[in-house]
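*Asks:* Dropping the structure in here first, questions after.
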Amino acid sequence: MYQPVISGTGVFTPSQVITNDELVAAFNAYAELWNAENADAIARGEVAPKAPSSTEFIVQASGIEQRYVLDKSGVLDPARMFPALPERPDDAPGVMAEMALDAAGKALAQAGVAGTEVDLILVAASNHERAYPAIAIEVQQLLGAGGFAFDMNVACSSATFGIQAAADMVRAGSAHKALILNPEICSAHLEWRDRDCHFIFGDVATATLIERKEDAKGAHWDIVSTRCATQFSNNIRNNNGFLRRTRPYGMEDRRDMQFMQNGRKVFKEVLPLVSQHIADHMAAEGVGPEDLTRLWLHQANKAMNDFIGRKVMGRVPAPEEQPNILQDYANTSSAGSIIAFSQHSEDMTEGQKGLICSFGAGYSVGSVLLTRRAA
Ligand code: COA
């Protein structure tokens, strides 16, 4: 058995930003248009008018202040309300592969590893731009990597479940150097016309490099252990899929073809699930709250993270102990906890411990316990 370590991480951040004020202005313009177009049905009481959104609500309910996206013009066009991404020819790199490659390059540079040395690539994300061939295999070719590659989807927990799968393979010897890539184009599955959720998501890609401890060239993180759990729930759901055209509604623009959630229920049900999951994982490793220097949590809601932080630490954690990035990136699905880890871990010193934890649709919860090892 080999000891798997994380020796590099990387984040690709799109260049375009949408602030809450820009988002709310576009939504409210769309709502006014919709209400005018449906004035007769509204007057007859057949449909309810669309109520306006507000920046104050968004910040207070979620902690989100802005989000990065691949295309803001389409999202902010009140007559469109979703991104406009050009189609690429089959012989050009796909957009998800391109984002993943950027993040992978940063992780490889940090670890001092060449792309050609990699022998396992997982593209672990909430959505994949096509059914096949796997985006991971496309990235493998673009990197000149060997071995094998495949896509996997565990929604918001794709990254942590990917880390567990790759760490287990490195531990067992079936892979030497593994890249877990999380390109998330959440803007394409978000329903920007629904004020209950239009503020939630952003786009990003993250990368994590795992290799054998004896191969690591500099500072790294021992993967002490990983823990994954799932429990079926319909409270976060998307009904779009390849059976769509076989159904009576065909290609109709139905609400459930985009992200849907019952946010209140998710909030109430996921909090105890996650708190217990982390407590059990730490107890199994004999790690107490006093042994934990940092918590890198899934980035969906600030109040949720504050609650989990209090539960795990048994006190209110200092902001640097439980860093949030959702104010800048919004919810980026599986990538959120990896952004927090990548951007808020360099200062940790030899022997300090930290825990990554993701949670979301499925439901799914994944945690990774790490120990810092100095160069
Ligand atoms: N602007 C103004 N008011 C809004 C609004 C907006 N954009 N969106 C909703 N409201 C209103 C609602 O209509 C509701 O009004 P009512 O009480 O008159 O019915 C009120 O504000 C509260 O809405 P609610 O949806 O209950 O808010 P919330 O406090 O639950 O916050 C979430 C919503 C989504 C931020 C929150 O539930 C959440 O983050 N849940 C967890 C989600 C999660 O982790 N998901 C994982 C996804 S990967």
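The values are calculated or read from the model by the stated rules, or taken from the named source; none is laboratory data. Since the structure is predicted, the reported quantities are computational estimates derived from the model, not experimental observations. Note that we place each Cβ from the backbone using ideal geometry, even for glycine, and neighbour counts take in every protein chain shown. In case anyone asks, the SASA skips ligands and DNA or RNA and just uses the protein heavy atoms, side chains included. Shrake-Rupley method; radii C 1.70, N 1.55, O 1.52, S 1.80 Å.
*Asks:* Once you put a point 7 Å from the Cα of residue 114 and another 7 Å from the Cα of residue 131, both along the Cβ direction, what distance in nm separates them?
*Replies:* A separation of 3.8 nm, rounded to one decimal place.
*Asks:* Only four residue types carry charge here, +1 at the Cβ of Lys and Arg and -1 at the Cβ of Asp and Glu. Report the dipole size of the stretch 222-373 about the Cα centre in Debye, rounded to the nearest 20.
*Replies:* So the dipole magnitude of the stretch 222-373 works out to roughly 820 debye.
*Asks:* OK, next. Can you work out the PRE-style zone for residue 77? Point 7 Å along Cα to Cβ, and I want the residues of the stretch 179-201 with backbone N under 16 Å.
*Replies:* 188, 192-193
*Asks:* Continuing with this model, one more query. Net charge near residue 71, counting Lys/Arg +1 and Asp/Glu -1 over other residues with Cβ under 15 Å of its Cβ?
*Replies:* -3
*Asks:* Another one. Quick one: compute the contact order of the stretch 222-373, relative version, from alpha carbon pairs under 8 angstrom and 6+ residues apart, as a percent.
*Replies:* Computed value for the stretch 222-373: 35 percent relative contact order.
*Asks:* Return a whole-number percent for the relative contact order of the chain, with Cα pairs under 8 Å and 6 or more residues apart as the contact set.
*Replies:* About 23 percent, as a whole number.
*Asks:* Moving on. By average Cβ neighbour count within 10 Å, what is the ranking of 200-211, 149-160, 255-266 from highest down?
*Replies:* Highest mean packing first, the order is 200-211, 149-160, 255-266.
*Asks:* Rounding to the nearest 20 debye, state how big the charge dipole of the chain is about its Cα centre with +1 on each Lys and Arg Cβ and -1 on each Asp and Glu Cβ. Don't skip to the end; give the middle numbers.
*Replies:* Values: 33 positive and 45 negative charges, 178 e Å.
The dipole magnitude comes to about 860 debye.
*Asks:* Where is the GNM fluctuation largest for the chain (alpha-carbon springs, 10 angstrom cutoff): 362, 218, 250?
*Replies:* 250
*Asks:* Find how many whole Å separate the alpha carbon centroid of the stretch 57-132 from the alpha carbon centroid of the stretch 141-159.
*Replies:* 14 Å
*Asks:* Given the options 231, 141, 352, state which has the largest fluctuation in a GNM of the chain using a 10 Å cut-off (strictly under) for Cα springs.
*Replies:* Taking springs between Cα atoms under 10 Å, the residue moving most is 231.
*Asks:* Still on this model: Over the chain, how many pairs of lysines fall under 28 Å by alpha carbon, counting only those 8 or more apart in sequence or from different chains?
*Replies:* Close lysine pairs under the 28 Å cut-off: 23.
*Asks:* Roughly speaking, what is the stretch gain from residue 246 to residue 269, that is 0.36 nm per residue apart minus the C-alpha to C-alpha distance, in nm to one decimal?
*Replies:* Full extension of this stretch gives 4.9 nm more.
*Asks:* Between the helical axis of 20-37 and the dominant principal axis of the chain, each derived from Cα atoms, what acute angle in degrees is found, rounded to the nearest 10?
*Replies:* Roughly 30 degrees, rounded to the nearest 10.
*Asks:* Which net charge results for the neighbourhood of residue 203, defined as the other residues with beta-carbon distances under 15 angstrom from its beta-carbon, given Lys and Arg at +1 and Asp and Glu at -1?
*Replies:* Residues close to residue 203 contribute a combined charge of -4.
*Asks:* Only bridges whose two residues both fall in the chain count here: according to DSSP, what percent of them are antiparallel, nearest 5?
*Replies:* 75 percent
*Asks:* Compare 68, 132 by solvent-accessible area with a 1.4 Å probe and give them largest first, with all protein chains kept in place.
*Replies:* Order by accessible area, largest first: 132, 68.
*Asks:* Over the stretch 80-236, with every protein chain in place, what whole percent of the accessible area is carbon and sulfur at 1.4 Å, could you tell me?
*Replies:* 53 percent
*Asks:* Out of 23, 243, 179, any idea which swings most in a Gaussian network model of the chain, alpha carbons joined below 10 Å?
*Replies:* Looking only at 23, 243, 179, the biggest GNM fluctuation is shown by 243.
*Asks:* With the other protein chains left in place, how much accessible area per residue, in square angstrom, belongs to the stretch 222-373 at a 1.4 angstrom probe?
*Replies:* Solvent-accessible surface per residue comes out at 44 Å².
*Asks:* To the nearest 0.05, what FRET efficiency results for residue 33 and residue 57 with a Förster distance of 25 Å applied to their C-beta separation?
*Replies:* 0.75
*Asks:* Turning to a different aspect of this structure: For helix 158-172, what angle does its Cα long axis make with the longest principal axis of the chain, in degrees from 0 to 90 and rounded to 10?
*Replies:* Value to nearest ten degrees: 20.
*Asks:* Hey, another quick one. Under 17 Å from the 7 Å Cα→Cβ point of residue 327, by amide nitrogen: which residues of the stretch 52-80?
*Replies:* 55-68
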